[in-house]
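**Student:** My structure is below; once you've seen it, I'll send some questions.
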Amino acid sequence: MDAVDLGRLAQLARKELLKQLIEENELVAPIFYSEHHGGDGQALFEAASKLNYEAIVSKRVDAPYRSERVEAWQKIKTVQREKFPVVGFIKDPSGVAALYLGKQEGKDRYIGKVGTGWSRTKSAEIRKATAD
């Protein structure tokens, strides 16, 4: 069997092929297939919030596969637990790789490092703005 590059196919076409592969091979846990849910995003967000889901991850249905972070993917957080000020960042060659977060409880302290979730374009814009 020759290898086939599925990367150019739209997201929904790739999901259908994956579903067929799982079913034909009778794969079970820890493999799980997530059904596609289209329609009212606000209603889905509200339902996820009520179920205390952390977030909804979505992708444009017509988007081809990309191994890097792209704007076609979005993670919408449903639970906002706490806000932390950005106290620094890690540079990468084209932008900002990660953020350092802090917290003020009596005295300022470092909390941790997180990814930005920004596209390469947005990351480069922010890095340029902080270069002054």
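The values are calculated or read from the model by the stated rules, or taken from the named source; none is laboratory data. These numbers come from a predicted model, not from an experiment. Positions of Cβ are backbone-derived with ideal geometry, glycine not excepted, and every protein chain shown enters the neighbour counts.
**Student:** Which of the residues that make up region 97-121 are of a type in the set (S, T, N, Q) and over 12 Å from VAL86 (Cβ atoms)?
**Tutor:** Filtering region 97-121 down to residues of a type in the set (S, T, N, Q) leaves 104, 116, 119, 121.
Hits for region 97-121 are GLN104, SER119, THR121.
**Student:** Sort out which residues of region 73-96 are in contact with a Lys or Arg (Cβ under 7 Å, 6 or more places away or on another chain) and in contact (Cβ under 8 Å) with a residue 24 or more places away in the chain, and write them in order of number.
**Tutor:** PHE84, LYS91, SER94, GLY95, VAL96
**Student:** If you take the residues in region 15-44 that are among the acidic types (Asp, Glu) and on the phi < 0 side of the Ramachandran plot, which one is surrounded by the fewest Cβ atoms within 10 Å (Cβ to Cβ)? Step through it out loud before you land on a result.
**Tutor:** Quick first cut of region 15-44, residues among the acidic types (Asp, Glu) only: 16, 23-24, 26, 35, 40.
Of the ones still in play, those that are also on the phi < 0 side of the Ramachandran plot are 16, 23-24, 35, 40.
Numbers: GLU16: 13, GLU23: 10, GLU24: 8, GLU35: 6, ASP40: 10.
It comes out as GLU35.
**Student:** Then there is this: Identify all residues within region 1-50 that are assigned by TED's automatic domain parsing to the domain that holds GLU68, farther than 27 Å from ILE76 by Cα and of a type in the set (A, V, I, L, M, F, W, C); write none if there are none.
**Tutor:** LEU21, ILE22, LEU27, VAL28
**Student:** Another question, if that's okay. Could you tell me whether any residue of region 98-118 is under 25 Å from ALA10 (Cα atoms) and under 19 Å from the mean Cα position of the chain (by Cα)?
**Tutor:** Step one: of region 98-118, the residues under 25 Å from ALA10 (Cα atoms) are 117-118.
Right, trim to under 19 Å from the mean Cα position of the chain (by Cα) and you get 117-118.
There is at least one residue in region 98-118 that is under 25 Å from ALA10 (Cα atoms) and under 19 Å from the mean Cα position of the chain (by Cα).
**Student:** Now, a different point. Taking region 96-115 as the region of interest, how many residues are closer than 21 Å to ARG127 by Cβ and either touching a helix residue (DSSP H, G or I) at 6+ places or on another chain (Cβ under 6 Å) or polar (S, T, N, Q) (or both)?
**Tutor:** Looking only at that region, the number is 1.
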